[in-house]
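The values are calculated or read from the model by the stated rules, or taken from the named source; none is laboratory data. Predicted model only: the values in this text are computed from it and were never measured. In this analysis, Cβ positions are derived from the backbone assuming ideal geometry, glycine residues included, and neighbour counts consider all displayed protein chains.
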């Protein structure tokens, strides 16, 4: 005696968010049933294992049928196969495109290619996210990447419109796309302490200030690629470290402003030239794709680590960078104020975000 | 040339990729109606083509408009090879043919392919221009409205209920044609789908013609079924109740001329005025209200069978002008004046002898369906239903292969209908089969002293070449004031009708003569009015009348049974089956009775019994909703008796069981809140005295005479004889006695106790409304669930099989409760189970039901606005119809005596019929109430209770809707529906009920009747059978919703899945499934919206002068 067939179909879609999450997390039906029963499903409504099993199967099937639609969420709204109330549609989509920070941190900046996909089982083992879920998340990244790659207009807005995601999630996806496109190196051991949210914030800063779209908003790839002209102009900043006078002048301005305001003043004074060299060098090398990839590691090695070893507090850091940036404006021979601001604005906020343990 | 059909193909979306190279599709569309085909241009390289075609115009007969669907095929253009079909859309034009329904069909339809399922969507516009045609010879019946709803549709008033209409058409099944061997599965499926579309169109048209001929303009309770008879053909048959409906609208007077409603299409009604030609023998012309009422001498004096009778005087020219139609055999022809009689049919029952009927049908003529006083309706306006006798049912086993071989069957000849010949004869064999069954039902009803059968339905079950035909209904007496002649059949019972019984208990009063009861039953005086006798239990197939007085809540009761059968062929098989049937019915009945008592209830509503045949087993499933009617005596308990009193062990065991039973009864009483009111108790002596006397009389009364043999339980074999005697000896006991004498009985008792009550917060029933729950909130979830069980062990015993089957049903219910737990407090209404044995060792159960939430706090009260949700507007308006109709009938009782004589003749009929054909050994008579005879059950005499409270319950009919400006509401609705027509998909609600809680139906757009086939050759890839069926059911829902939305509707009511035939072959990785669904497309508006519009009368006012 065996159940040969067992289906339950509602006119309006029937789903429980709990089961949806289990499905998204990659649980098999049997594992999901176990989880549900351990979670107390049996206490409700005199259910038994068979009932939970049958319910789980039905929902899994429904989700599998929906999955095709979820790949292009706009279709979900005007498809006829399932009658899904709007709030349910939003939940389905938002949850489907949600990802584990742990997982995304691993693939951030990697090429979204078949090769990477092959490594997913390692990532799965490392992060504890089930392989099935890893695949879904990876495919989501890839799908979003593919769609927005060729679109004009603001990246976040494009993602939001094509995938009907919330603003927060759309921003995260924008960051993922941006990282994938520019192949920023994030996997080095020194960068491990950075969370996805740290990096997503930085990506947001870069997108908003350093891309083509930041100045012209109707260009293809405008938000995905860095503004080449700007990167070229950054070379001009070199004068800040190559011109001895300028460097000394800058240092004295900053030190004057900082004196007495912080305990770390001595270290700041001692390290000024080193730090300034580090930041300006990063700027001047950004025309090199290779160096763009190393942007974050450079920031950490050239600036954050020295400061950390000198036990700067976050407040010290803020104070220092503010004065460091502003003082450059007073340098009378320094002509590249606009580029400097555009550069330092982003660097400042990135470093603020990244300066933690 | 009475019609022009216009179609425009606007656009497509989400099309599948047909060209792998470009990942795109070059789509174009073929639009076909009848034999005319148009094509759109190819829209190259797009998955979202914009064709924006011209209007394709088809000039067609309205007959074709009714029969044919518009067929839209989407194809992928291929320069070098044949164009690939993407999929099809069939659009039923019928809804556009009513004058007041939808005017345009416009919307996105899923493009459906029988192999791939839904593949994208297409936007289509369809319009019809109808020219008026005064051709009286026409074959079409445009304009007759069809409703699946088994009550008078909301917003309508039944001016006349004409009665029963039936029709069937037969054709060869394309699946079994020789060509099927060489064509693709897709072509074969499409041929089948199209054929069934055509056949149901034709069937509907033919039924419509009958209705027009009767003078009606609508069919209510339309029930259409398919019989897939395999080699011997494909039958589409339908039954329904013909009515003349009048639209209620707030402003318009209900006294408009009765002809206004059908006027637009009343082509066969040359005499539109009140003065119609009169027919029948020699009726005086009846031209105005107070119609002289004539004592018709027709009843016993066998009228000429072919007398052109027009029972419905209004709206019809005499029938012999209808040359193209088979003349109807008339009987009785009790014609009344205009406005004079609803339910004319009733006047005409009993009049024709069996011989005449036989003669009529064997001479190749259609029998007049109207001779059957049957009503497919299950709920009625109050005051309509007077008394209910009990369930009547008939079953007959037939051999399908017989119909190929005239020499072996009965004397009639049969031929399969040639599809193309319009003049083809009716498929007589099957007609005759049904004819027989209906006759039997009629005579059962008569035996119960009833002149009508309500809640009538028919179905078949086919396994290989064996076919079981079943029909069942509830014998009833309808208000005699409205059908004066009808009541005349009940001799000597007239006195009962003189003082009208209160509506809260009247329907429980026995319709039969207590001194000459058709079966032994325990009668008591009604616990309500104390004037009339009532039986101790009441089984019916109808819904609980809205004004019935009940205690507590109802509950879903199901009896399940499996019986093994030896594999056999042909005749032997049929014999074996028909021998088993009576036992099954008996056992199902016993189970129902026990379960009813266990819940301490005394009445069943919505009873439906299905028997399914498989190669090696029979399945029986009886579902009903139990309720405690306060008019009926309280049920006694269940007492367990052991056969071997000496055995101590055994006694202990029995005591344990007894205790468990008593506990269960007590628990159930609490659960269902069955606390019969004990407002006043008479001196029990006085009351019981009469009872005892009466009971004795009854018990002593002889078993009905041999001439009633036809009504007797067929298997009047030793066992049942023994039983009845045995039980009768216990007759005076206080409780229902169960004997524990063998393991079987123990099993039975165990199975009795294994039925788990629904978990807290859940209720369930299989009727339209849940007795005892009135305050629905608007949340609603319709669902379909199918489960198939494979029996692994071939050597199962009956008991083991029973257990498996019972568990299957119970687990399904448990699953529903679990799945819908987020909706509590909630009620599963209209639980409709259907069982099948698709192959050996497989049991299939399909369920369709709706879960509805209700407001927990008020369930104890019976709020005054009950009529609002139950039937909204129909409450008062429908009342008008009997009143209006009876206004002109004042002195009618005179003919009573002249009509008695019909009775004995027709009871002899069945015996005669039995000898006619094959299924004669079939069990043909199993009136439930007769079965009661076999069980002794006495009334608990100690507790005579009655209630006055409920009696005085103010039945305040809401006048809310009458004056509300519907037009405003509608325009508002239209606006809103248009607004979401654009980007997102509009929500379409579906429910098997005839109403949507918290809303009001403002327009019926037409019937939805769809048939789909889905097949796959990659079963595993689609997720196995479950995955395959899951997506198919979802697709069917989607297509129903799309059609409703295209008609401008936002809901389907009275939705049902008539068939779900699944055939799998996992070894070949194949599966095929057929689904047939139907329902009424409607537009509803929320009551809250209405309230905003409604000017003066509000819900609040009705609330305040509510129940007292």
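Within segment B:579-597, not a single residue is assigned to a helix (DSSP H, G or I), closer than 19 Å to residue B:400 by Cβ and free of Cβ contacts under 8 Å to residues at least 24 places away in the same chain.
Scoring residue A:46 on the criteria (1) out of contact with any helix residue (DSSP H, G or I) (no Cβ under 6 Å at 6 or more places or on another chain); (2) within 9 Å of chain B (Cβ to nearest Cβ); (3) at pLDDT 90 or above leaves a single failure, condition (3). Does residue A:165 count as surrounded by fewer than 22 Cβ atoms within 10 Å (Cβ to Cβ), more than 21 Å from residue A:292 (Cβ to Cβ) and in contact (Cβ under 8 Å) with a residue 40 or more places away in the chain? Against the criterion (surrounded by fewer than 22 Cβ atoms within 10 Å (Cβ to Cβ), more than 21 Å from residue A:292 (Cβ to Cβ) and in contact (Cβ under 8 Å) with a residue 40 or more places away in the chain), residue A:165 does not qualify.
Considering only residues in segment A:112-129 that are out of contact with any helix residue (DSSP H, G or I) (no Cβ under 7 Å at 6 or more places or on another chain) and part of a loop (DSSP other than H, G, I, E, B), the one that is nearest to the other protein chains (Cβ to nearest Cβ) turns out to be A:113.
Residue-by-condition table, conditions (1) modelled with pLDDT under 85; (2) under 30 Å from residue B:841 (Cβ atoms); (3) surrounded by 16 or more Cβ atoms within 10 Å (Cβ to Cβ):
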position: A:4; (1), (2), (3): no, yes, yes
position: A:9; (1), (2), (3): no, yes, yes
position: A:12; (1), (2), (3): no, no, yes
position: A:15; (1), (2), (3): no, no, yes
position: A:22; (1), (2), (3): no, no, yes
position: A:31; (1), (2), (3): no, no, no
position: A:37; (1), (2), (3): no, no, yes
position: A:41; (1), (2), (3): yes, no, yes
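When residue A:51 is evaluated against the numbered criteria (1) over 28 Å from residue B:814 (Cα atoms); (2) part of a helix (DSSP H, G or I); (3) at pLDDT below 90, which criterion, by number, is the only one it fails? Condition not satisfied by residue A:51: (1). Per the listing B:429, B:460, the residue uniquely part of a helix (DSSP H, G or I) and under 17 Å from residue B:397 (Cβ atoms) is B:429.
Restricting attention to segment A:4-30, the residues that are closer than 26 Å to residue B:989 by Cβ and either assigned to a strand (DSSP E or B) or facing chain B (nearest Cβ under 7 Å) (or both) add up to 8.
When segment B:786-833 is filtered for residues that are at pLDDT 90 or above, within 21 Å of residue B:614 (Cα to Cα), away from chain A (no Cβ under 11 Å) and not in a helix (DSSP H, G or I), the ones remaining, listed by number, are B:832, B:833. Screening the candidates A:285, A:290 for the property of being modelled with pLDDT of 85 or more, surrounded by fewer than 16 Cβ atoms within 10 Å (Cβ to Cβ) and within 26 Å of residue A:187 (Cβ to Cβ) yields one hit, A:290.
The lone criterion from (1) more than 16 Å from residue B:88 (Cα to Cα); (2) modelled with pLDDT of 85 or more left unmet by residue B:181 is number (2).
In this structure, residue B:987 does satisfy being in a loop (DSSP other than H, G, I, E, B), facing chain A (nearest Cβ under 9 Å) and at pLDDT 85 or above. Being under 21 Å from residue B:817 (Cβ atoms) and either more than 33 Å from the chain's Cα centre (by Cα) or in a strand (DSSP E or B) (or both) is a condition met by no residue of segment A:72-88. Consider residue A:79 carefully, then state whether it is within 30 Å of residue B:986 (Cα to Cα), free of Cβ contacts under 8 Å to residues at least 40 places away in the same chain and within 12 Å of another protein chain (Cβ to nearest Cβ). It is true that residue A:79 is within 30 Å of residue B:986 (Cα to Cα), free of Cβ contacts under 8 Å to residues at least 40 places away in the same chain and within 12 Å of another protein chain (Cβ to nearest Cβ). Annotation for segment B:1058-1079: at least one member residue is over 30 Å from residue B:218 (Cβ atoms), part of a helix (DSSP H, G or I) and at the interface with another protein chain (Cβ under 10 Å from one of its Cβ atoms). Among the residues of segment B:68-76, are any farther than 30 Å from residue B:246 by Cα, part of a loop (DSSP other than H, G, I, E, B) and touching a strand residue (DSSP E or B) at 6+ places or on another chain (Cβ under 6 Å)? Scanning segment B:68-76 turns up no residue that is farther than 30 Å from residue B:246 by Cα, part of a loop (DSSP other than H, G, I, E, B) and touching a strand residue (DSSP E or B) at 6+ places or on another chain (Cβ under 6 Å). If you go through segment A:139-155 and keep only what is assigned to a helix (DSSP H, G or I) and in contact with a helix residue (DSSP H, G or I) (Cβ under 6 Å, 6 or more places away or on another chain), you end up with A:140, A:141, A:144, A:145, A:147, A:148, A:155.
With the condition kept exactly as written, say whether any residue in segment B:999-1019 is within 7 Å of another protein chain (Cβ to nearest Cβ), surrounded by 21 or more Cβ atoms within 10 Å (Cβ to Cβ) and touching a residue at least 60 places away in the same chain (Cβ under 8 Å). Looking through segment B:999-1019, none of the residues is within 7 Å of another protein chain (Cβ to nearest Cβ), surrounded by 21 or more Cβ atoms within 10 Å (Cβ to Cβ) and touching a residue at least 60 places away in the same chain (Cβ under 8 Å).
Let's see how each residue does on (1) touching a residue at least 24 places away in the same chain (Cβ under 8 Å); (2) surrounded by 22 or more Cβ atoms within 10 Å (Cβ to Cβ); (3) part of a loop (DSSP other than H, G, I, E, B):
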site: B:82; (1), (2), (3): no, no, yes
site: B:85; (1), (2), (3): yes, no, no
site: B:96; (1), (2), (3): yes, yes, no
site: B:105; (1), (2), (3): yes, yes, no
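Residue count for segment A:64-76, restricted to those that are within 8 Å of another protein chain (Cβ to nearest Cβ) and closer than 18 Å to residue B:986 by Cα: 1. Checked against the criterion of being over 30 Å from residue B:147 (Cα atoms) and crowded, with 22+ Cβ neighbours inside 10 Å, segment B:1052-1068 contains one or more residues that satisfy it.
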